[in-house]
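Structure record follows, encoded as structure tokens.
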Amino acid sequence: MPAYKAPLRDMKFLLNDVFDYPRHYQTLASGENATPDIMDAILTECGRFCEEVLSPLYQSGDEEGCHLSEGDVVTPKGYKEAYQQYVMGGWQGLSAPEAFGGQGLPASMGLLKQEMMGTANWSFSMYPGLSLGAMNTIYLHGDEQQKQTYLVPLTEGRWGGTMCLTEPQCGTDLGQVKTRAEPRADGSYSLTGTKIFISSGEHDLTENIVHIVLARLPDAPKGTRGISLFIVPKFLPGNDGAVGERNAVTCGALEKKMGIKASATCVMNFDGATGYLIGPENQGLECMFTFMNTARIGTAIQGVGPAELSYQWALDYAKERRSMRALSGKKEPDQVADSLIHHADVRRMLLTQKAIAEGGRAMLYYAAKLADHMVEAHSDGDTEKAEKYDDKLGFLTPILKGFLTELGCEATNLGMQVFGGHGYIREHGMEQIVRDTRIATLYEGTTGIQALDLLGRKVLLTTQGGAVRDFTLKVANFARKHLTSKPLRPMAVELLKLTAQWNLLTVRVMLAARKDRDVVSAAANDFLMYSGYVTMAYMWLRQAAVASDKQENGGDESDAFYRTKLATAEFYYERLLPRAQAHATSMLSPTRNLMQVNGEDMAFTD
């Protein structure tokens, strides 16, 4: 199996040249210590940890998986040792507040770490990744005692965290949650119910696990308005900060899954477990959205990371594997056949992977800057500023999660295709990347749910198209700056056309939905994918603009690096971006062609 190499050159190109993170960090109180030297050292050391410690466990973890023994989950060989190295390196607290033992660096630094970890070994990265969401939820919504009790051990990595939403009878429709929370005289609550699909619900990596649980109080209103949020630890905290007695929460089963087998996905039973209310009564879903949005942005990495990993391995294979001669003539006459990389169709697959990985990475880094401002505003108590950046990030979140994970699946399948029959064989690792990536389009809200959130809630209901207008104005203003550049003009013109079309499509869908409510659901997926292709086009123009400038005026990278950036941008605009027009046509198609077939007539099997 090939090894993972951290794409530090591309990461630094985006951070330093495209998005100017050094200047960005100067605007943040948390960025005081995020100097270029510190950033470089963190990226280098994290890359080393991922290459040398996490990557070697990727395939062996999949082969062994997790095991349930009398309620305890045993993680694969090497995971406990790797986790201890992770904790000793201080990685869990990288972006956590210093008041709770963290290093106080900007939130985006944590995302850079998560990208490398997730690419090297997604199953492993889920364990500390879920803890980060629990930390954010407690930090924003917990009272002072809860923060003091839980945030320090979570920040240190001694304790882990989860989010417990889904139940056997409900996934996305959380209004059906049945888990009960009965108040006790001491101010705690007794929680009873079953949660399923709980990532990291039980494992042997930490001394305690803090579950963030949705449940209903006895007199709660029906539906989503009657859900509260609770902290339910595996072991009750002692007065001295150590773990106390075992709580009545257990793992009843491990899910048998298609992929991410080294990540424990648990059925969790709460049998009168002691829990503590976090946030106001009956507003648990609003508080949980802190966790969910964190998780959704994190899940978007599972589109970019596997695309990068699959591309790295497919590229190496295409350079080494020889098959037939190139149609344009022999490229390696001294060899029995030419390498795969000389065949145009293989180039198509490799460049698609490259465009998805590097374009998706740019989308993540663009959003991470917004997250930095939002987190800092929350920390400063600046509600108005926090809401401003939350709205900006909220518009992009479903695009990041939905679009990037769908393209991540495409990229990993292409990687397996480059290997041909060998890609289907387990020893090469390509089919594992496909299996591991498939879940990304499902959990934290399926692509369809992300699409409805984007079109139905963020665009039509909340802003009446304003979210699209605001974002496309920024994109159009950037494109206009490059209309006079010979290498960039074709891309800038196309992007300008797309920003106008995006607004027109939004209006047309809005008007059609007034007459037929099914229009929103029917158009949502195409609207999300269209939005994703245009957003990625913006990111590729930004990269191309910098590469063009560096070619002319000099930069830190080689001319070949910048030349390849421009060529990949052109490939994206000419080969992948045309897909947006198919989505534009489809989203305006009448709902009749979806709804006219009677449900009972969908199949004739009798």
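Of the residues making up the stretch 450-490, those that are farther than 12 Å from residue 534 by Cβ and either among the small types (Gly, Ala, Ser) or open to solvent by less than 10 Å² (accessible area, probe 1.4 Å) (or both) number 11. Would you be able to say whether some residue in the stretch 219-226 is touching a Gly at 6+ places or on another chain (Cβ under 8 Å) and open to solvent by less than 30 Å² (accessible area, probe 1.4 Å)? So far as the stretch 219-226 goes, yes, one or more of its residues are touching a Gly at 6+ places or on another chain (Cβ under 8 Å) and open to solvent by less than 30 Å² (accessible area, probe 1.4 Å). Taking into account only those residues within the stretch 134-146 that are part of a helix (DSSP H, G or I) and open to solvent by 40 Å² or more (accessible area, probe 1.4 Å), which is nearest to residue 218 (Cα to Cα)? Here the answer is 141.
The set of residues from the stretch 151-203 being part of a strand (DSSP E or B), in contact (Cβ under 8 Å) with a residue 60 or more places away in the chain and open to solvent by 10 Å² or more (accessible area, probe 1.4 Å) comprises 163, 189, 190, 192, 193, 194, 196, 197, 199. Checking every residue in the stretch 123-130 against the condition of being open to solvent by 10 Å² or more (accessible area, probe 1.4 Å), within 26 Å of residue 374 (Cα to Cα) and of a type in the set (Gly, Ala, Ser) gives at least one match. You will find that of 410, 406, 384, the residue that is open to solvent by 10 Å² or more (accessible area, probe 1.4 Å), farther than 29 Å from residue 571 by Cβ and not in a loop (DSSP other than H, G, I, E, B) is 384 and no other.
Residues in the stretch 337-380 that are β-branched (Val, Ile, Thr) and at pLDDT 95 or above: 341, 346, 352, 356. Please find, among 387, 410, 376, 332, the residue that is within 22 Å of the chain's Cα centre (by Cα) and over 30 Å from residue 138 (Cβ atoms). Criteria check complete, one pass: 410.
Matching residues to (1) hydroxyl-bearing (Ser, Thr, Tyr); (2) assigned to a loop (DSSP other than H, G, I, E, B); (3) touching a strand residue (DSSP E or B) at 6+ places or on another chain (Cβ under 7 Å); (4) farther than 25 Å from residue 48 by Cα:
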residue: 77; (1), (2), (3), (4): no, yes, no, no
residue: 112; (1), (2), (3), (4): no, no, no, no
residue: 116; (1), (2), (3), (4): no, no, no, no
residue: 132; (1), (2), (3), (4): no, no, no, no
residue: 149; (1), (2), (3), (4): yes, no, yes, yes
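Quick one: is residue 114 under 16 Å from the mean Cα position of the chain (by Cα), open to solvent by 10 Å² or more (accessible area, probe 1.4 Å) and either more than 16 Å from residue 264 (Cβ to Cβ) or of a type in the set (Val, Ile, Thr) (or both)? Taking the combined requirement at face value, the residue satisfies it. When residues in the stretch 69-86 are screened for being at pLDDT 95 or above and either open to solvent by less than 30 Å² (accessible area, probe 1.4 Å) or closer than 20 Å to residue 4 by Cα (or both), 11 of them pass. Would you confirm, using the coordinates I've provided, whether residue 420 is surrounded by fewer than 24 Cβ atoms within 10 Å (Cβ to Cβ), farther than 23 Å from residue 57 by Cβ, more than 16 Å from the chain's Cα centre (by Cα) and not acidic (Asp, Glu)? Taking the combined requirement at face value, the residue satisfies it.
Just checking, does the stretch 542-549 include any residue being farther than 20 Å from residue 486 by Cβ and not charged (D, E, K, R)? No, every residue in the stretch 542-549 fails to be farther than 20 Å from residue 486 by Cβ and not charged (D, E, K, R). Yes or no: residue 239 more than 29 Å from residue 439 (Cα to Cα) and open to solvent by less than 30 Å² (accessible area, probe 1.4 Å)? Spelling it out, it is not the case that residue 239 is more than 29 Å from residue 439 (Cα to Cα) and open to solvent by less than 30 Å² (accessible area, probe 1.4 Å).
Among the residues of the stretch 311-327, the ones that are of a type in the set (A, V, I, L, M) and within 19 Å of residue 415 (Cβ to Cβ) come to 3 in all. Among the residues of the stretch 303-338, write down those that are hydroxyl-bearing (Ser, Thr, Tyr), over 30 Å from residue 447 (Cα atoms) and crowded, with 19+ Cβ neighbours inside 10 Å. Hit for the stretch 303-338 is 317, nothing else.
Taking first residues from the stretch 511-525 that are in contact (Cβ under 8 Å) with a residue 60 or more places away in the chain and partners that are open to solvent by 80 Å² or more (accessible area, probe 1.4 Å), the Cβ contacts under 6 Å between residues at least 6 apart in sequence or on separate chains come to 522/594.
Pairs linking a residue in the stretch 235-257 that is within 18 Å of residue 192 (Cα to Cα) and touching a residue at least 60 places away in the same chain (Cβ under 8 Å) to a residue that is open to solvent by less than 40 Å² (accessible area, probe 1.4 Å) and in a loop (DSSP other than H, G, I, E, B), with Cβ atoms under 6 Å and 6 or more positions apart or on different chains, are 250/71; 251/71; 251/201; 251/202. Counting only helices (runs of 4 or more DSSP H) that sit wholly inside the stretch 19-68, those with at least 1 residues that are under 22 Å from residue 361 (Cα atoms) and open to solvent by less than 10 Å² (accessible area, probe 1.4 Å) are 21-26, 36-49. Pairs linking a residue in the stretch 543-565 that is among the aromatic types (Phe, Trp, Tyr) to a residue that is outside any helix (DSSP H, G or I), with Cβ atoms under 8 Å and 6 or more positions apart or on different chains, are 562/555. Cβ-Cβ contacts under 6 Å between residues 6 or more apart (or on different chains), taken from a first residue in the stretch 61-76 that is touching a residue at least 24 places away in the same chain (Cβ under 8 Å) to a second residue that is open to solvent by less than 60 Å² (accessible area, probe 1.4 Å) and among the β-branched types (Val, Ile, Thr), are listed as 66/73; 66/75; 71/250. Total residues in the stretch 4-18 satisfying the condition of being buried (at least 20 other Cβ atoms within 10 Å of the Cβ), closer than 18 Å to residue 306 by Cα and aliphatic (A, V, I, L, M): the figure is 1. All conditions in (1) surrounded by 20 or more Cβ atoms within 10 Å (Cβ to Cβ); (2) of a type in the set (D, E, K, R); (3) out of contact with any Ser or Thr (no Cβ under 9 Å at 6 or more places or on another chain) hold for residue 296, with the sole exception of (3). All told, residue 104 meets the bar of being touching a residue at least 60 places away in the same chain (Cβ under 8 Å) and either over 30 Å from residue 42 (Cα atoms) or more than 19 Å from the chain's Cα centre (by Cα) (or both). Among the residues of the stretch 93-110, those that are in contact with a Leu (Cβ under 8 Å, 6 or more places away or on another chain), not small (Gly, Ala, Ser) and not in a loop (DSSP other than H, G, I, E, B) comprise 100, 109. Going by the structure shown, is residue 206 in contact with a strand residue (DSSP E or B) (Cβ under 7 Å, 6 or more places away or on another chain) and assigned to a loop (DSSP other than H, G, I, E, B)? Criteria met by residue 206.
The values are calculated or read from the model by the stated rules, or taken from the named source; none is laboratory data. In this text the structure is predicted, and so the values were computed from the model without any measurement. Using ideal geometry, Cβ is built from the backbone for each residue, glycine included, and neighbour counts are taken over all protein chains shown. Heads up: the accessible areas ignore ligands, DNA and RNA and are worked out on the full protein's heavy atoms, side chains in. Shrake-Rupley method; radii C 1.70, N 1.55, O 1.52, S 1.80 Å.
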